[in-house]
Amino acid sequence: MSFALLALGAIGLVAAQASETPKLTAECVDTIIFFARGNDAHYHDGRTTPFLDATCAKIVAEGNTCDYIDIQFDVTLGGPWCAQVSEGSTNGISQITAYQAQCPCTHIVIGGYSEGANVVGDTLAGGGCSDFTTGIDPTSAAGQAIAAAVVWGDPRHAADQSYNVLDGSSLQAAGRDAESLARLQAYASVLRNYCAAGDPICAGGDNVTQHLNYFDLYTDDAATWVVGKVDAAAALCDATSSSVASAGATTASSAAGPVAANSTSNAVSIATSIGATQSAIATPSGANASSIATVYL
């Protein structure tokens, strides 16, 4: 078992305002935030909630509407890392694709912390545990709707990338495979990856506190950056066709779109309903899956 996973197991996550039940629905709004939680954390937990609140508050202050949806996946402590991340990235792709199809005028923001950061990276670029998907195609409608993506303490943090910030920018623990890293470059202009040098999860450091305090130190910085990206993003619809005024609720986990597969042996089946998801995901195989299993399990 690696130091990184041991560190994750030792990290206590704040549960204030937390929920065991994911929030899977939202109306069509100006900006929707999809968020992936950390290992052993509740949905909408007290550690990451300030980022959601701060970002939406800034958007609302500009006279626009904002909401969030949880990316649904298991984060049981000591559970199979690859299966959990693969479930999260597969659901992330389908949830985002389904929401965008119903709310084509909404700008999308994606965020993730710790294990959830791994999920976000694989949702955008595939690779790693989810070697059967290439992530959301940046040229697709869903890909073009992504105005910003931000992660903290990413186990797959890759050194020396243009979107890295903080003093861990030139460091990495596990890193990311070359193919998915190349695909992630398509999102470089809308991506920000927070990694502190002492963080054992993203940088291979030995200071667990630096993995825990991102939201204490950088919530406003991240929220301000996200809102700037949303404000700079091109309008997705003209005023007459905007779906933002729609009052109909959107179920982000239903009517899931197809997920690209690298091989027929990695078939993915997802059956979701509000408040519950049943996912049958093939066990990742190949070098990428073996590598992360060695690093984290």
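Here, each number is a calculation from the coordinates, and none is a lab measurement. Quantities reported herein were computed from a predicted structural model and do not represent experimental measurements. In this analysis, Cβ positions are derived from the backbone assuming ideal geometry, glycine residues included, and neighbour counts consider all displayed protein chains.
Observations
- Sequence ranges 84-92, 67-75, ranked by mean other-Cβ count within 10 angstrom, highest first: 84-92, 67-75
- Label-point gap, in nm, between V165 and N213 - each point 7 angstrom along Cα→Cβ: 1.8
- Annotation: peptides 134-143, 193-202, 48-57, ranked by per-residue average of other Cβ atoms within 10 Å with the highest first, follow the order 193-202, 48-57, 134-143.
- Pair A57, A197: separation of 7 Å Cα→Cβ label points (nm): 3.2
- Note on E179, E115, E62: ascending count of other Cβ atoms within 10 Å places them as E62, E179, E115, the fewest first.
- With a cut-off of 12 Å between beta carbons, the residues surrounding V60 carry a summed charge of -3, where Lys and Arg count +1 and Asp and Glu -1.
- Amide H to amide H, with H built 1.01 Å from N, I69 comes under 5 Å of I33, F34, F35, counting only residues 5 or more places away or on other chains.
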